[in-house]
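Below: the structure, in structure tokens.
FYI, it's all coordinate maths here, none of it is from the lab. Computed from a predicted structure; not experimentally measured. Here the Cβ positions follow ideal geometry from the backbone for every residue, glycine too, while neighbour counts run over all protein chains shown.
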Amino acid sequence: MLDGRTVLITGGSRGQGRAHALVSAREGADIVVFDIADDVPTVAYPGATPADLEETVRQVEALDRRILAITGDVRDQSALDGAVESAIAEFGKVDCLIANAGIWSLAPMWELTDEQWQTMIDVNLTGVWRSVKAVAPHMIERKTGSIVMTSSINGLEPGVNYAHYIAAKHGVVGLMRSAALELGPHGVRCNSVHPGAIDTPMTNNAPMLTMFAGHEDGTAEDYRKAGQGYGILAGSSFLPAEVIANGALFLNSDLAAAVTGVTLPIDAGHMIMPGINLAPVDADFDPTYRG
């Protein structure tokens, strides 16, 4: 499906990013992965490492595909511009961008520090814009290209205690739609994927296990049971990262040649589930109150 194409993936060291690299490589693409491979100070879980990045390289090469690994930060425009230049020098072109790099953290809206808010926006939203900015001139010149931005189901619905993440992921949707409008006349398509509950180091870590369990020392079983509440399909819990990579594969392929400006949830049916209040407050309610 991607024979002869070059796919640039941000945040490609592990998790969804590695899955994008492997699925694209299996379908014939050459791969460029761009990743900070380091901790981010406002994030409670460990970041990717150089060893993670090397492992992605090893697994792609085991598929007999070429890969270029670049260490860099999506908050740095010059680093992204340089990555695109390196990709063109190595492979001749960049056909597809998967703007996947992202972080997650947890705090009530009114307790977020300026640094937590700004880092989230800088990585999860501005980093996506910077990634598009880096590849757009090349794609416009070639009059072809596909861009897939990673948003979230939280780019389509709210959540509790991570307003900065919600705001960034909602922003990705607006950015994607604007990019689809502006780049469409140049033959470049742009869409977004919206992962539901996905099993990656971003979700499967000590702070998240505590949140899902409702107490310290959350277990793998707590994690599995919590995941069951996120989807409607029988047997679903936290989904493997490959399901998101398969969605991006479709959007980057010729099967989606007429698809642009689309938000694609990949969530085991989460977005069609009827909403319920998981923590109702027992208080007097006045139905005539109008504020």
How do the peptides 151-162, 236-247 rank, highest first, by the average count of neighbouring beta carbon atoms within 10 Å per residue? 236-247, 151-162
In which sequence would Val40, Val23 go, from the one with the fewest C-beta neighbours within 10 Å to the one with the most? Val40, Val23
Per q in 0.10 1/Å, what log10 I(q)/I(0) does a Debye calculation on the alpha-carbon atoms of the range 1-105 return? -0.24
Euclidean distance between Cα centres, the range 80-153 to the range 240-263, Å: 17 Å
Students often get this wrong, so try it: which of [x] 14.1; [y] 17.3; [z] 30.5 is mean projected area of the Cα convex hull in nm² as calculated from the structure shown? [y]
Non-local residues with an amide H under 5 Å from the amide H of Ile232, with H modelled 1.01 Å from N and Pro and chain starts lacking one, are Gly269, His270
Show the residues, 5+ positions off or on another chain, whose built amide H is closer than 5 Å to the amide H of Val32. Val7, Leu8, Ile9, Leu68
Ordered by residue, what ³J(HN,Hα) values in Hz, to whole numbers, does the range 7-14 give under the Karplus form 6.51 cos²θ - 1.76 cosθ + 1.60, where θ = phi - 60° and Gly and Pro are x? 10, 9, 10, 8, x, x, 6, 7
Distance in Å, no decimals, from the C-alpha centre of the range 1-68 to the one of the range 155-205 is 19 Å
Hand me the trypsin sites (Lys or Arg not before Pro) from the range 86-193 located in a DSSP loop with no more than 10 other Cβ atoms within 10 Å, in residue order please. Lys143
Springs between alpha-carbon atoms under 10 Å, Gaussian network over the chain: tell me which of Ile272, Ile166, Ile31 tops the mean-square fluctuations. Ile272
Helix-only [θ]222 nm of the chain, DSSP H runs n ≥ 4, -39500 (n - 2.57) each, per residue, nearest 500: -12000 deg cm²/dmol
Hits among lysines - C-alpha to C-alpha of Lys169 under 23 Å, sequence gap 8 or more where chains match: Lys133
